[in-house]
1. May I ask you to list the residues in region B:401-424 that are over 20 Å from B:Asn465 (Cβ atoms) and either modelled with pLDDT of 90 or more or part of a helix (DSSP H, G or I) (or both)?
2. So how many residues does region B:331-342 have that are at pLDDT 85 or above and under 16 Å from B:Leu267 (Cα atoms)?
3. Looking only at region B:518-531, decide whether some residue is open to solvent by less than 20 Å² (accessible area, probe 1.4 Å), of a type in the set (Phe, Trp, Tyr) and more than 20 Å from B:Asn378 (Cα to Cα).
4. Filter region A:19-63 for residues that are of a type in the set (A, V, I, L, M) and at the interface with chain B (Cβ under 10 Å from one of its Cβ atoms) and give the result.
5. Only one residue in B:Glu371, B:Glu377, B:Glu381 is under 29 Å from the mean Cα position of the chain (by Cα), open to solvent by less than 40 Å² (accessible area, probe 1.4 Å), of a type in the set (D, E, K, R) and within 27 Å of B:Ile446 (Cα to Cα). Which one?
6. Return the only residue of B:Thr293, B:Thr273, B:Thr311 being assigned by TED's automatic domain parsing to the domain that holds B:Ile201 and open to solvent by less than 10 Å² (accessible area, probe 1.4 Å).
7. Among the residues of region B:540-555, count how many are surrounded by 19 or more Cβ atoms within 10 Å (Cβ to Cβ), among the aliphatic types (A, V, I, L, M) and farther than 24 Å from B:Arg500 by Cβ.
8. How many residues, within region B:79-119, are at pLDDT 85 or above and in a helix (DSSP H, G or I)?
Amino acid sequence: MGAKKIIKNIADFLNLTNFTINGKKRSLKDLLKKLKEKRVKILRALKNECSEEEEKALNEELELISFHIRKAKKKLEDLS
Amino acid sequence: MSKNIFFPLTLILLAYGFYKSADFQAISAGIAIFLFGMLSLEQGFKSFSGGILDRVLKFSTDKLYKSLLFGVVSTSIMQSSSLVSILTISFLGAGLITLAQGIGVIFGANLGTTTGAWLVAGYGLKVNIGAYAMPMLVFGTLFVFQKNSSLKGVGYILTGLGFLFLGIHYMKEGFEAFKSTIDLSAYAVGGFKGLFLFTLIGIVATVVMQSSHATLVLIITALSAGQISYENALALAIGANVGTTITAILGAMSSNIEGKRLAAAHLIFNLVTGLIAIVFIGQIVALVDWSATQLSIAHDNYTLKLAIFHTIFNTIGILVMIPFINTLVHFLEKTLQMKPSDDEIGHDNVAYLNEAALEFPQSAMGAIIRETKHLYENAFEIIAHGLNLKRGKIVSSLELEEVIKFTHSKKYIDIEDFYEKRIKDIYSDIITFSTKAQANMSPKSIENLYRLKLASRDIVEAVKNTKHLQKNIVKFSAHPNQYIKKEYALIKLSIAELLRNINIIATTDEEDVIILLLSKIRVNTQKYDIISNGKLDELIRNKHITNQMATSLMNDSVYVYNIRNKLCNMAEILFIEANSDLKHLQEELHITQEEVESLLEQKE
């Protein structure tokens with residue numbers, strides 16, 4: 001067995017081959033979780049009574065969060 | 001003046017010595033070869049400093065015991081406390097480690113030097129060390145000629161070790177031969193008089209050679225040849241320990257105040273250790289004898305006993321000083337302070353860029369990142385005060401509409417003057433320093449450095465745009481026309497919002513907050529651009545503002561757009577790209593201009 005093959009086998013055994021991708025996936029999943037929690041909070045806040053300005057600001061933030069949730073989900077699909 | 005006399009005098013004395021004695025020539029050549037070997041060894045280890053060495057230093061100094069251990073291990077491996085001192089000063093100067101961490105490393109390095117004494121006394125004198133030198137020099141030189149920088153580094157280390165061995169060999173031979181002509185031991189001085197005299201000689205010899213290691217090897221070889229007495233050798237070793245601080249002091253000359261504090265700490269530590277060794281010399285010698293018996297070292301093996309002595313008195317120094325590290329840090333911070341600026345605005349200079357930080361690529365990069373952040377802090381002050389906003393209110397949780405009601409002072413500041421005193425010199429120093437630093441950097445680091453230079457340029461341009469904006473802010477903020485007054489209030493609000501968001505990005509660890517805020521800045525930059533959102537047309541069409549006001553507003557909206565864009569780009573580079581965990585998240589989720597436009601279109 002060549003040296004390269006040995007290194008590859010060890011890397012496969014230790015699950016190191018997709019190390020970077022797995023790291024990215026983990027960070028994206030963590031971020032997605034936080035964004036979803038944030039979205040729930042904003043939706044809850046919108047249900048409560050708030051001023052027109054506050055409602056506008058919350059809606060703007062909700063749009064941005066939804067945009068990033070969509071983007072993060074797509075990136076996760078691409079990485080899988 | 002003294003340098004002008006000292007150098008030629010040394011040359012003349014050496015020439016006279018060479019003329020009179022061939023053995024003196026051999027000893028001097030041995031010292032010279034040894035010192036050259038140390039230079040080569042340092043060069044070799046430096047070529048690995050782009051990775052292992054500085055990364056280890058950065059992550060293995062968070063606790064005092066780790067700092068001490070790093071100092072001991074790195075000095076033992078590299079056989080150069082000078083290199084460890086320079087590395088520590090470099091990282092401290094760049095603000096990558098604290099003074100207490102640096103002191104820990106220096107204390108450890110002092111103990112690490114004792115391994116050199118053990119190696120020479122236990123091994124170097126017992127074998128024909130010169131025989132090992134030859135193959136090392138040949139193989140080392142072959143490696144030095146390789147293109148690969150790692151192989152080159154290995155080559156320098158091998159030649160360095162080869163020269164060290166060769167130097168020791170010549171010193172040993174020289175002293176052996178010297179014995180037959182002059183017996184230096186006849187000049188031995190006993191008692192406390194001898195102790196002080198030889199301590200002083202040890203200090204002077206180390207200051208001249210700038211290496212306690214070289215002095216120690218010289219002492220051990222002279223001791224093994226019986227040219228100096230054991231008592232005097234102990235005093236010389238104490239002197240060498242005190243004299244070695246000169247390397248740290250010289251290294252700190254080109255460093256900032258932190259580097260100078262570390263050099264002072266090194267001096268204090270070695271002086272205290274030396275003093276303890278002199279005062280308790282009898283007790284320490286007794287402890288050395290006891291330890292030698294325990295280690296089965298012969299009673300008359302003075303070279304190994306010297307190594308034990310060196311280890312014991314450095315260990316005692318560390319044990320005595322450890323409880324006082326925080327007091328020492330406090331004392332040094334109080335006594336050694338930066339000179340305060342004497343003009344009204346306060347001319348600000350670089351805080352992290354110094355020659356010492358240039359020594360290693362990672363410390364240079366760290367220094368540039370910190371200095372760019374320093375530049376941004378100054379820019380934040382100028383932009384906020386330039387628009388007559390209070391910095392404290394911007395970073396508070398107060399509603400932004402309320403923030404813009406508070407004014408910084410009765411009259412607006414002179415941005416040009418502030419720019420000259422707090423931005424221009426720092427910016428120019430960052431660019432000069434970066435150019436010097438990239439000479440030792442890898443292509444990837446050079447690319448990162450280029451991005452940091454762009455961040456600095458963005459900061460400078462944001463300040464310049466604020467200067468242009470200020471004129472009309474002053475003019476229209478108190479204007480009777482309510483429409484134009486409102487637009488300029490919105491401009492102030494927009495900048496205040498930007499500064500607040502960047503401050504949050506700079507201080508939070510929450511990735512979701514950072515990603516969302518950056519996107520928010522990008523979206524709002526586009527949304528509040530009154531040219532693209534049609535607001536300007538509306539004001540003109542309804543004749544709410546004059547044509548002149550419209551022109552001013554149009555020009556100023558460009559300045560605002562630029563400030564927002566520049567500072568957003570800067571924040572991405574400085575606060576996100578410099579953080580490796582956030583970097584790839586931002587790469588994946590970065591909001592593009594098309595996406596900003598599409599988001600705004602959806603809203604409409």
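The values are calculated or read from the model by the stated rules, or taken from the named source; none is laboratory data. Here the structure is a predicted model, which is why all the values come from computation and not from measurement. Please note: Cβ atoms are built from the backbone with ideal geometry, for glycine as well, and neighbour counts cover all protein chains shown. Ligands, DNA and RNA are excluded from the accessible area calculation, which covers all protein heavy atoms including side chains. Shrake-Rupley method; radii C 1.70, N 1.55, O 1.52, S 1.80 Å.
1. B:Glu401, B:Glu402, B:Val403
2. Residues that pass the stated criteria total 4.
3. No, region B:518-531 contains no residue that is open to solvent by less than 20 Å² (accessible area, probe 1.4 Å), of a type in the set (Phe, Trp, Tyr) and more than 20 Å from B:Asn378 (Cα to Cα).
4. If the condition is that a residue be of a type in the set (A, V, I, L, M) and at the interface with chain B (Cβ under 10 Å from one of its Cβ atoms), then A:Leu28, A:Leu31, A:Leu32, A:Leu35 are the ones that fit.
5. Just a single option satisfies the conditions, and that option is B:Glu371.
6. Within the list B:Thr293, B:Thr273, B:Thr311, the selection yields B:Thr273.
7. 2
8. 19
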